[in-house]
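Since the structure comes first, as structure tokens, the remarks are kept for the end.
Each reported figure results from applying straightforward, stated rules to the coordinates on display, with no laboratory input. On a predicted model such as this, the values are computed, not experimentally measured, just so you know. We place every Cβ from the backbone using ideal geometry, glycine too, and count neighbours over all the protein chains shown.
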Amino acid sequence: MTEIAIIRHGTTSWNKAGRLQGYSDIPLDEEGIAQAMKLGQRLSSENWDLIFSSHLIRARQTAAIIAQELKLNSVIEDKRIGEAGGGLIEGTTEEERLSKWGANWKQLDLGMEPRESVVNRGLSFLQEISAENKGKKIVLVTHGSFIRQLLDTIVPALNPTPAMKNTSFTRLLRLDDSWNCELFNCIRHLD
């Protein structure tokens, strides 16, 4: 059985402003750093074998802080767990999107990464790491939209998956050919 902790990165200034980040490389703010430290302390009560991160700085910073708390020497970066690309809406707020493209902006072709692309790269990553690391406990630090789209596919009971909170902890167990969600979107470390 492989166990995976899926973590959303800590808070950034764009999160607070309601700006869609996508591929934009926005660093953690002070609150995001503190959140990552608290989550690392929470996870340190268990033994984890590996930590993977998206290539984007907000995930890498979160992963580095967690890795230090877990006494893991390195963070393995993988672009397959990067955020879904936002196309023309990156850097915009909902209000700006409504003003620029109208109420039906989600139906327009604004260059956003297709759901199928996001899910396929996520499934490829999960299949590879679960096959190569049977019986291990693995931490993944990634992004909200990526997590939601992936969980909609591998844990159909969650579909549609609600918004993921910053530094939320979701625990998945790989049993035979299926994924079981043991914990979802938990932020009790921030209490």
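In a fully extended conformation the segment linking A163 and Q127 would gain 10.6 nm over its present Cα-Cα distance, using 0.36 nm per residue. A Förster radius of 35 Å combined with the Cβ-Cβ distance from K71 to E30 puts the calculated FRET efficiency at roughly 0.90. For the chain, modelled as a GNM whose springs connect Cα atoms under 10 angstrom apart, the maximal fluctuation among L43, L110, L140 occurs at L110.
Multiplying the residue separation of S13 and L190 by 0.36 nm and subtracting their alpha-carbon distance yields 61.9 nm. Beta-bridge orientation, the range 43-186: approximately 50 percent antiparallel, per DSSP, counting only bridges with both partners inside. Which of rounded, prolate, oblate describes the range 58-166, given a ≥ b ≥ c as roots of the alpha-carbon gyration tensor eigenvalues and a/c under 1.5 marking rounded, otherwise prolate only if a/b is larger than b/c? In terms of gyration-tensor shape, prolate. Remark: spin-label model distance W101-N47 equals 4.9 nm, labels positioned 7 Å along the Cα→Cβ axis.
Set the Cα radius of gyration of the chain against 2.2 N^0.38 Å, with N its number of residues, and you get 1.00. Amide H contacts for K136 (H built 1.01 Å from N in the peptide plane; partners 5 or more residues away or on another chain; cut-off under 5 Å): E3. Based on C-alpha pairs under 8 angstrom that are at least 6 apart in sequence, the range 57-191 has a relative contact order of 20 percent.
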